[in-house]
1. Quick check: at a probe of 1.4 Å, how many percent of the accessible area of chain A sits on carbon and sulfur atoms?
2. In terms of solvent-accessible area of protein heavy atoms at a 1.4 angstrom probe, what is the ranking of A:D274, B:D125, highest value first?
3. Rounded, prolate or oblate: pick one for the protein assembly as shown, where a ≥ b ≥ c are the square roots of the eigenvalues of its C-alpha gyration tensor, a/c under 1.5 means rounded, and failing that, prolate if a/b is larger than b/c, else oblate.
4. Which FRET efficiency, nearest 0.05, do A:A28 and A:N147 yield, Cβ-Cβ r, R0 30 Å?
5. Could you state how much accessible area B:I43 has, in square angstrom rounded to the nearest 10, with a 1.4 Å probe and all protein chains kept in place?
6. Checking the a/c ratio against 1.5 first, then a/b against b/c, what shape does the Cα gyration tensor give for chain B?
7. For Cα pairs less than 8 Å apart in space and 6+ apart in sequence, what is the mean separation divided by the residue count of the stretch A:225-303, i.e. the relative contact order in percent?
8. Hey, got the average number of other protein chain Cβ atoms within 10 angstrom for residues in B:204-214?
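The values are calculated or read from the model by the stated rules, or taken from the named source; none is laboratory data. Since we're looking at a predicted model, the values are computed, not measured. Reconstructed Cβ throughout: ideal geometry from the backbone, glycine too, with neighbour counts over all protein chains shown. For accessibility, only protein heavy atoms count, side chains too; no ligands or nucleic acids. Shrake-Rupley method; radii C 1.70, N 1.55, O 1.52, S 1.80 Å.
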2 protein chains.
Amino acid sequence: MRVSTATPLQNLLTDIAGVAVGHATDLALGSGVTAVVFDRPVIASGSVLGGAPGGRDTALLDPSMTVETVDAFVLSGGSAFGLDAAGGVQAGLRGIGRGLSVGTTRVPIVPQAILMDLLNGGNKDWGRHSPYRDMGLQAFEAARSGNFALGSVGAGTGATTGTVKGGLGSASAVTRAGHRVAALVVANALGSALIGDGPHFWAAPFEQDREFGGLGMPTCFDTGMRLKGVNMTATTIGIVVTDAALTKTQAHRLSLLAHDGLARAVLPAHLPFDGDTMFGAATAEKPVRDPTELMEILHMATLVSARAIARGVYEATTLPFESAQAAWRDRFPG
Amino acid sequence: MRVSTATPLQNLLTDIAGVAVGHATDLALGSGVTAVVFDRPVIASGSVLGGAPGGRDTALLDPSMTVETVDAFVLSGGSAFGLDAAGGVQAGLRGIGRGLSVGTTRVPIVPQAILMDLLNGGNKDWGRHSPYRDMGLQAFEAARSGNFALGSVGAGTGATTGTVKGGLGSASAVTRAGHRVAALVVANALGSALIGDGPHFWAAPFEQDREFGGLGMPTCFDTGMRLKGVNMTATTIGIVVTDAALTKTQAHRLSLLAHDGLARAVLPAHLPFDGDTMFGAATAEKPVRDPTELMEILHMATLVSARAIARGVYEATTLPFESAQAAWRDRFPG
């Protein structure tokens, strides 16, 4: 599944060599799982800045903790029920002999973040066994390098925001020194990626090649708060990966700069009912020669995260429920 | 020094009743201190998201720690030498009988954050005793409600950014429910508050009443990184205060939403050489009746912080050194 660095950029997380992405999508459930699988363990960290997070194996991502690498990341819907999904990905990794070597066994390290999509109108009557473990394995088996779908797929299936349907987006960039930086983010924010009640995206200053419609900025700004409504169920979750050789501490900073991208793309972000979580990882293909190169990698983490959020909302489609929140494309047709 | 809530808004931190601000400014030193003094202990917290912070008595601000209130906050230049300043403010508070009651004594709680301005061209040859403790006491004695100066004053005296002189700014807002939210921030970022090489501010969408020139947004966006140069000495520090009755945990969230304002106003922010620190406090004059009211207070924390940063840069003046970084007003005259 390895991607050569000579591969043309597709503006996706898989522009980073060695990264595979797979989705499991259930439109009737109105939810899904996305697995990001690395072809070998990568330096990784993460940070939780929302007030209502749900995660699995995230404590080890703190730079002070011992384990420095992960095998995969999982993003899913299902709120805390969705935390079963990483178990499915671990089963898949175990099946191919992957995992942190511990004595005579291997333990796949698969941190996960979830988003809250339980109240989006989908059929959540799954009885005693949530569907998320099986969807985790399904997403793992679907994971590949190259192109993958955006919008109402995988963990973005059930996502909503303060104004229009949320979704899963991705974006990539290359620094002047040639480091690649790419993000995959699912926007399920309590706030909004759009400015006021119009179609313009907060992330517009960072847009590349009309990747989310090319509307630019409006001429005046309605900065009044737009929230999702009385349930206030939210969370934006994502992953930023670079091919640069970062330390775990630098990967932690990468995740913090991704939160700045969230702050740029969604207003307001990081609320008490958002579980906003960002992971950062480095495949270490390319050395970092000086501090300025590192700063630009971090700068790009902010930009690609903001762009990925706008793209996820732009690519989303309305779910097939009567009460489903309208997608951007249906809210602003033509 | 109490301010009635009927006082007309001046777009300053002192729009919150019970808040006094005082500066100590030394242009030859190219540095200074700002004290924010509350007329009674206020619920407070804070968060450090930059990678190179300097602070004093900040650990107790974590919501898990016992002490819930503070008497004052201090912002200063001087890098870690500047941490003497809180001692001066404590001396002033002790002189008027203020402080946390502990048995038969009182301990003034004065968390502080510093910024790095040691390499800005000012005379830093202070020998064995830094001037910061005395400047702390001077700032305390100067503290008053009502109007205070912005720009190259107090902790903003020596501030610089990636493109033009930094400075101390302030802004305030009122939510629909009538809660006041105000910020005082010193922009000394490694990155830039301006878009590309032009005069436009990243915070422009949030600008009120031409408070930083009324330029609006440019028609195209140069999102390339602008950094301060080889020394990479930085840090943006600030305080957001509301008159709402927040818990310590909610004051912590207030400080995180202030960081989102920083992320909106400065690009890039939160770098490994930034010590970005935001404090949050609540004077508890006015109850919060439902979650939506709280969300709007937090939303406003993002907006007033972004506006305060732009205002600090806009109001800055060039220091009287040959090598001093030009202020916005000198870089973009007329």
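1. Values: 5730 of 11290 Å².
After summing per-atom areas, the C and S share lands at 51 percent.
2. B:D125, A:D274
3. Details: a/c = 1.71, a/b = 1.60, b/c = 1.07.
Prolate.
4. Numbers: r = 25 Å, r/R0 = 0.85.
That gives a FRET efficiency of 0.75.
5. 30 Å²
6. oblate
7. Details: 108 pairs, mean separation 36.3, N = 79.
Reported as a whole number, the value is 46 percent.
8. Details: counts 2, 10, 3, 2, 1, 0, 0, 0, 0, 0, 0.
Counting other chains' Cβ atoms within 10 Å and averaging over B:204-214 gives 2.
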